[in-house]
Amino acid sequence: MSTQDSGRIAFIGGGNMASAIIGGLVKQGLPAARVAVVEPWAEARQKLQQQFGVRADEAAGAALADATLVVWAVKPQTFKDAAAAARPHVAQALHLSVAAGIRSGSIAQWLGTERIVRSMPNTPALVGQGMTALFARGAVSAEDKARVEEVIATTGESLWVEREEQLDAVTALSGSGPAYVFYFLEAMVQAGGEMGLSAEQARRLAVGTFAGAAALAKASSDPLELLRERVTSKGGTTYAALTSMEQDAVKARFIKALHAASRRAEELGDEFGR
């Protein structure tokens, strides 16, 4: 892959999301020697070194000095302290945050730079099927944006939002979204078992149906309502199921749940962004 410059890419935090991005970069041809990771947990460091051959240190230090891109993959509650430790070494870098809730203004204050892109990825990035929303502060150049897009492309798709507050909605919709899919899959598998299918049969049918329906929705320009109506014959089995869900206000309650997730994303910014 082209990485736009010869500088090192540093990751602060070496968990699942960092691993997904590192794995994608290495798979696309980025030399492991150009990746540095700061990860306090010894087991996680060892896993990164064994899996990708990258350098992994316990704490921020001089190894970060030549990083031209720093990816922040830390938990919201640890971001401020991690930024304080890394700041002396990464003043000239472009910064990409994948931490939930932490606003770019807080990051800019903690790091002393405005070259910050804040993102909201999701866990399908682990299998190259992620969906990531991106927001750039004013000092981020077109070249900076292109580099971020190149990195995120190794994990799936991305889109830019114009207003940072939109990322709270993104967090509720796609950031937390895989959990909703798994929740409905759990219900489908349980129902399948209750109706006489084996757990393996029910899981295969449920997962395949979700994947196929999502692929159909992605490939089609038709409204989702129309796609649903094409599966629903009045008086038929699908109609019976959807009527039951409407009577139980499933859609309204699901929408309410997403609003709750969005509010919590906003609260995280207030709570940990000071």
For the stretch 163-232, rounded, prolate or oblate, judged on the Cα gyration tensor with a ≥ b ≥ c (square roots of eigenvalues), a/c < 1.5 rounded, else prolate if a/b > b/c? oblate
Under 5 Å from the placed amide H of ASP57, counting only residues 5+ away or on other chains, we find VAL37, VAL38, GLU39
Distance from the Cα centre of the stretch 1-69 to that of the stretch 177-191, in angstrom? 33
Could you tell me the distance between the Cα centroids of the stretch 204-274 and the stretch 120-169, to the nearest Å? 23
Sorted from largest down, what three extents in whole angstroms do the Cα atoms of the stretch 8-167 have along their principal axes? 40, 34, 28
Among ALA217, MET131, MET195, which residue has its Cα positioned farthest towards the positive end of the charge dipole of the stretch 131-274, with +1 placed on the Cβ of Lys and Arg, -1 on the Cβ of Asp and Glu, and the dipole taken about the Cα centre? MET195
Taking amide H positions as placed 1.01 Å from N in the peptide plane, with prolines and chain starts having none, which residues 5 or more places from LEU94, or on another chain, fall under 5 Å of its amide H? LEU69, VAL70
Starting from the Cα of LYS75, draw a straight line to each of the lysines and keep only those under 27 Å, dropping any in the same chain fewer than 8 residues away. LYS27, LYS47, LYS145, LYS256
Using +1 on the beta carbon of Lys and Arg, -1 on that of Asp and Glu, and nothing else charged, what's the dipole of the chain about the Cα centre, debye to 20? 180
Mean separation of Cα contacts under 8 Å (at least 6 apart) over the residue count of the chain, i.e. the relative contact order in percent, is 16
Need the full-extension length gain, ALA199 to SER220, defined as separation in residues times 0.36 nm minus the C-alpha distance. One decimal, nm. 4.4 nm
Charge dipole magnitude, Cβ of K and R +1, D and E -1 - the stretch 25-66, Cα centre, debye nearest 20: 220
Would you please put 250-263, 31-44, 164-177, 13-26 in order of how densely packed they are, using the mean number of other Cβ atoms within 10 angstrom per residue and starting with the highest? 13-26, 164-177, 31-44, 250-263
Cβ-derived FRET efficiency at R0 41 Å, GLN247 paired with GLU43, nearest 0.05: 0.25
Excluding residues fewer than 8 positions from LYS251 in its own chain, the aspartates and glutamates with Cα under 19 Å of it are GLU186, GLU225, GLU229
At R0 = 45 Å, FRET efficiency that the Cβ-Cβ distance of ALA240 and VAL127 yields, to 0.05: 0.85
Treating the beta-carbon of each Lys and Arg as +1 and of each Asp and Glu as -1, no other charges, what is the dipole magnitude of the stretch 8-167 about its Cα centre, to the nearest 20 debye? 140
Mind listing the phi-derived Karplus ³J(HN,Hα) values for the stretch 247-259, rounded to whole Hz, using 6.51, -1.76 and 1.60 with θ = phi - 60°, and x for any glycine or proline? 4, 8, 6, 4, 4, 4, 6, 5, 4, 4, 5, 5, 4
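Laboratory data are not the source of any read-out in this text; all were calculated from the coordinates shown. The structure displayed is predicted, hence computed values, not measured ones. Positions of Cβ are generated from backbone atoms using ideal geometry, with glycine treated the same way; all protein chains shown enter the neighbour counts.
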